[in-house]
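First comes the structure, then the notes that go with it.
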């Protein structure tokens, strides 16, 4: 995501970026909860995608307009309030004009608030870019999301009910694989999708296109320490607090040991902590203590 | 006595029959992310039980005594998300100060829960289904227990299958998703329970 600022962000470039280059579902694997939950049919997927698009466009626009007003420290709560406002607006609009889809999507409409795509775009793009590109960034990302949801919905509907958008596609002799419109089917379809993604990434890496391969991500491991995605919305919750919590957990004993350690060692141990898992870092520190004694 | 029976049925249906992760797809991120080891999975599960139960109580109280009297039910989404975010922060600070032992057990997982959509999902479901406060708390607790059961089972399976020889493309997330899919099939069996 670091290459965003180099180019002049024309609206068209933003649209293409959201639809293809950084497609939130197929490439970045963001916002998986609604992706799995609502794609029982192509129509539901499309409805959810467009609802998200509307929220994404408007929240990006407003956040971009307010980017000089919102203080850096309280930006996340401010984003959430703005996003939640638009989600509420969209929810009531859908209740009024599209009651059927609203009923089918149910609780997942208000849950657009916690969709990481929206907060992610606000943080990664809208907060540091002018309004018009931000608006089109939201539109592009939203359309990319809608496109992905519609595709997944269509596949599940085709396999699970033999229809796409309620049109019968399969011959009458086709026996629908019911499980694909039920909950387990969602997991299977997503598993196939991630496997395909991995396959493409492995191929790209073998072909020597490492930067292209690195762009493809397979979901969040909640491992912000080693995560390369700077646009991730969760990053800003975790990073500082995780280390804080870690400090508290490691207790006074380790802190004393760290204080006693020489400055150079300190740096190296910090690096080790960043790279290794918690237990690994613990072991490392203990070993060092042992060496000292 | 019918009340107790109702609550029991709610407890079973929210935790097993319509399991929050495996049939409603809420809280999928921690479910897939923090399920590498049984130990961390159970820590996450405990933190989720704690926060969801508390959040559904607080959200229920705010809805009944603040939003309904003022006639601003339409603000529920905004109010709930802010309340939950603030609540998690507050719980974290409170635990750090007053119960370091519990903080050590839950600490790392607490900030992750703010972004867990299951918390907001439960608060909104409680309102949508007009559960009221007591039923809401029971529903929240049961949902969180369902989450904990699912994440611990998944972590157990992942520990067992970690070193299996699978095709390269299927390594990592795809295998986890397939496992989750098979678990979802198994949990479908619970629908005959009620």
* **Residues being under 23 Å from residue A:15 (Cβ atoms), away from chain B (no Cβ under 14 Å) and assigned to a helix (DSSP H, G or I) - total across the range A:63-89** => 3
* Asked: Which numbered condition trips up residue A:194, out of (1) at pLDDT below 85; (2) more than 14 Å from every other protein chain (Cβ to nearest Cβ); (3) surrounded by 21 or more Cβ atoms within 10 Å (Cβ to Cβ)?
  -> (2)
* Somewhere in the range B:131-138, is a residue over 24 Å from residue A:106 (Cβ atoms) and in contact (Cβ under 8 Å) with a residue 12 or more places away in the chain? -> no
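Matching residues to (1) within 18 Å of residue B:156 (Cα to Cα); (2) free of Cβ contacts under 8 Å to residues at least 24 places away in the same chain:
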| site | (1), (2) |
| --- | --- |
| B:8 | no, yes |
| B:13 | no, no |
| B:17 | no, no |
| B:20 | no, no |
| B:24 | no, no |
| B:27 | no, no |
| B:31 | yes, no |
| B:37 | yes, no |
| B:41 | yes, no |
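Here is a yes/no grid of residues against (1) free of Cβ contacts under 8 Å to residues at least 60 places away in the same chain; (2) closer than 18 Å to residue A:57 by Cβ; (3) in a helix (DSSP H, G or I):
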| residue | (1), (2), (3) |
| --- | --- |
| A:91 | yes, yes, yes |
| A:95 | yes, no, yes |
| A:101 | yes, no, yes |
| A:106 | yes, no, yes |
| A:141 | no, yes, yes |
| A:148 | no, yes, yes |
| A:153 | no, no, yes |
| A:158 | yes, no, yes |
* Asked: Is one or more of the residues making up the range A:13-28 over 20 Å from residue A:126 (Cβ atoms) and touching a helix residue (DSSP H, G or I) at 6+ places or on another chain (Cβ under 7 Å)?
  -> yes
* Structure fact -> Selection from the range A:138-159 of residues farther than 14 Å from residue A:48 by Cβ and surrounded by fewer than 22 Cβ atoms within 10 Å (Cβ to Cβ) yields A:139, A:155, A:158, A:159
* **Counted residues, the range A:178-192 - those being assigned to a loop (DSSP other than H, G, I, E, B) and closer than 15 Å to residue B:174 by Cβ** => 0
* **Scan of the range B:26-48 for residues that are facing chain A (nearest Cβ under 7 Å) and in a helix (DSSP H, G or I), ordered by number** => B:28, B:29, B:30, B:32, B:33
* To do: Could you give me the residue pairs with C-beta distances under 9 Å whose first residue belongs to the range A:164-175 and is in contact (Cβ under 8 Å) with a residue 12 or more places away in the chain, whose second residue is part of a loop (DSSP other than H, G, I, E, B) wherever it lies, and which are 6+ apart or on separate chains?
  => A:164/A:41; A:165/A:41; A:166/A:41; A:170/A:162; A:170/A:176; A:174/A:162
* Asked: For the range A:93-120, what are the residues that are more than 16 Å from residue A:41 (Cβ to Cβ) and more than 10 Å from chain B (Cβ to nearest Cβ)?
  -> A:93, A:94, A:95, A:96, A:97, A:99, A:117, A:118, A:120
* Asked: Has the range B:168-186 got at least one residue that is away from every other protein chain (no Cβ under 12 Å), part of a helix (DSSP H, G or I) and over 30 Å from residue B:7 (Cα atoms)?
  -> no
* To do: Tell me, yes or no, whether the range B:54-71 has at least one residue that is facing another protein chain (nearest Cβ under 9 Å) and in contact with a helix residue (DSSP H, G or I) (Cβ under 9 Å, 6 or more places away or on another chain).
  => no
* Mind listing whichever residues of the range A:36-62 are more than 19 Å from residue A:139 (Cβ to Cβ), in a helix (DSSP H, G or I) and within 14 Å of another protein chain (Cβ to nearest Cβ)? => A:36, A:37, A:38, A:44
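The values are calculated or read from the model by the stated rules, or taken from the named source; none is laboratory data. This one's a predicted model, so the numbers in the text were calculated from it and none came from an experiment. No Cβ is skipped: glycine too gets one built from the backbone with ideal geometry, and neighbour counts run over all protein chains shown.
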